[in-house]
Amino acid sequence: MTTTGAGDGAPRTRPGTPTEQGTLSETLTYTAPCPDCGAATDHHGVQTLLTDGRLRWDVESSCGACGSAFAACGGEPPGELRDRMLAEHGPAKLRVRTPPPTATAIMRVVRATLGVDLAGAKALSRRAVAGDCSGTLPEMELLARELRASGIDAVAERPDRPGGRRPPQPLLPPQPLPPPQPLPP
């Protein structure tokens, strides 16, 4: 839904309306005991910002020792998974670019996006204006997209990396080429 912005006549998109296409994901792999036999098992986790503006997490593993398989998913990641992602990738920051809007404008978006109470929205909006709002990259990108949809110039970035984004990682490790075969006579 598009409305006209207050005072300037610029079009605004209502918070919660998907405005930008594309998913954004962060992944991690960690070793934990198999819940059935206790053998060390690789667990693969991901947090994704979906194209419809929802956050989703998934974890899966399979045990090579006993064959047990495990999968779990949901909206908000469990604290341990989120902590592991922050430890592996580092926190992303929400940066509100100039000219800085009022904390009230940000507070409206935070409340609509995260469903937090007034006190929580007020605290988060102050942190956003001060440049001290951080979390996983998908979490910060969700807020940045919703702020941009409301006419507030914001980006999610990692301050310790040039350009704020982690360089793309290959899906599969490079494989050596097979040795050349002689041509048939």
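For the stretch 127-137, what are the residues that are crowded, with 24+ Cβ neighbours inside 10 Å and in a helix (DSSP H, G or I)? Result: ALA128, LEU137.
When you check ALA105 against the structure, is it at negative phi and surrounded by fewer than 17 Cβ atoms within 10 Å (Cβ to Cβ), yes or no? Here the answer is no, as ALA105 does not meet what is asked.
Where strands (runs of 3 or more DSSP E) fall entirely within the stretch 17-91, those with at least 3 residues that are surrounded by fewer than 13 Cβ atoms within 10 Å (Cβ to Cβ) are at 24-33, 69-74. When LEU114 is tested against (1) more than 19 Å from THR48 (Cα to Cα); (2) modelled with pLDDT under 90, just one condition goes unmet, and that condition is (1).
The values are calculated or read from the model by the stated rules, or taken from the named source; none is laboratory data. Keep in mind the model is a prediction, meaning the values are calculated, not measured. Please note: Cβ atoms are built from the backbone with ideal geometry, for glycine as well, and neighbour counts cover all protein chains shown.
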